[in-house]
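Below: the structure, in structure tokens.
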């Protein structure tokens with residue numbers, strides 16, 4: 001199987017496989033006023049468990065969706081019945097799957113893949129669904145060992161935009177990037193970091209077709225057309241560290257390894273008066 005993606009037909013044939021845990025990690029920004037858990041309980045892939053991104057983030061941070069401690073992540077994964085031998089398949093209704101894929105990889109779990117096309121494609125294909133909550137088969141022990149060098153702080157981003165030896169790539173929509181549209185988070189102004197290159201995450205998915213990830217060759221074209229120098233290391237950023245991982249996911253498919261995630265992203269940068277900002 002592909003180390004990054006699985007197709008709906010592949011997953012349908014393996015529903016109920018005890019070696020696979022399917023997780024629905026749908027999540028929405030606050031201004032959407034939607035409940036991902038309520039949508040999950042209304043309808044989801046048979047046997048899928050709900051992965052609460054908020055519960056699997058640092059509860060003590062002033063910034064949203066920050067990585068949790070290894071202990072916290074291990075507790076969340078273990079409660080879902082995921083162990084070191086489990087094949088995890090991640091899906092959602094919009095743009096979160098890559099983030100959760102990356103979280104599992106960051107904490108040392110390699111057996112994780114994203115459902116290509118996610119919930120929208122599964123539904124469009126008329127594949128089976130079920131309602132109500134699902135119960136994990138059993139609580140397991142999950143060993144979380146964070147990998148070094150994968151997370152950037154604001155200091156790294158500042159050094160990158162000043163030194164220009166590392167590219168900063170922002171996954172937000174053009175309107176949020178420019179500041180023409182609100183940041184999506186109360187109290188956080190719009191705009192972007194100086195020198196950052198905008199590669200909207202939506203362009204890396206076939207939004208008007210079947211919601212699958214574009215092929216690596218197409219992804220490369222998109223990055224290069226936007227002005228990203230793929231010969232340099234890259235720091236990916238977005239609104240809160242979620243859609244930025246779509247960039248990292250596609251860069252990983254290109255074989256690029258000198259990439260990091262600015263976990264605080266604009267939710268942190270935009271609130272700090274001591275950091276430079278650009279808006280139109």
Stokes-Einstein D for region 1-132 (4 °C, 1.567 mPa s, Kirkwood Rh from Cα pairs), in µm²/s, comes to 86
DSSP bridge pairs, region 151-269: antiparallel proportion in percent, nearest 5:
10
Working from Cα positions, state the angle (0 to 90°, nearest 10) between the long axis of helix 244-253 and the longest principal axis of the chain.
80
Determine which residues of region 67-99 fall in the zone a paramagnetic label at residue 143 would reach in this model, i.e. backbone nitrogen under 13 Å from the point 7 Å along Cα→Cβ.
83-86
Along each of the three principal axes of the Cα atoms of region 103-191, give the extent in whole Å, ordering the values from largest to smallest.
50, 35, 26
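Using the per-residue mean of other Cβ atoms lying within 10 Å as a proxy for protection, in what order, highest first, do the peptides 81-88, 128-135, 20-27 fall?
Working: 81-88: 17.2, 128-135: 11.6, 20-27: 24.2.
Descending mean neighbour count gives 20-27, 81-88, 128-135.
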For residue 124, project a label point 7 Å along Cα to C-beta. Then give me every residue of region 172-210 with its amide nitrogen under 12 Å of that point.
205-210
Inter-centroid distance (Cα atoms) of region 44-100 relative to region 206-280, Å:
21
Pseudo-spin-label distance residue 226 to residue 72, built 7 Å along Cα→Cβ, given in nm, is 2.8
Helix-only mean residue ellipticity at 222 nm for the chain, each DSSP H run of n ≥ 4 adding -39500 (n - 2.57), per residue, nearest 500
-7500 deg cm²/dmol
Of all DSSP beta bridges having both residues in region 1-152, the percent classed as antiparallel (nearest 5) is 10
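Based on the alpha-carbon gyration tensor of region 151-269 and its eigenvalue square roots a ≥ b ≥ c, which shape applies: rounded if a/c is under 1.5, prolate if not and a/b is larger than b/c, or oblate? Numbers along the way, then the final one.
Numbers: a/c = 1.79, a/b = 1.15, b/c = 1.55.
Taking the square roots of the gyration eigenvalues as a ≥ b ≥ c, region 151-269 is oblate.
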Size of the chain as Cα extents on the principal axes (Å, biggest first)
51, 39, 35
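Under the definition of Cα pairs under 8 Å and six or more residues apart, what whole-number percent is the relative contact order of the chain? The partial results should precede the final answer.
On the way: 550 pairs, mean separation 58.3, N = 280.
It comes to 21 percent, rounded to a whole number.
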Percent antiparallel among DSSP beta bridges confined to the chain, rounded to 5, stands at 10
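Values in this text are rule-based calculations from the coordinates and carry no lab data. None of these values were measured; they are calculated from a predicted model. A quick note on method: Cβ atoms are made from the backbone with ideal geometry, for glycine too, and the neighbour counts reach across all protein chains shown.
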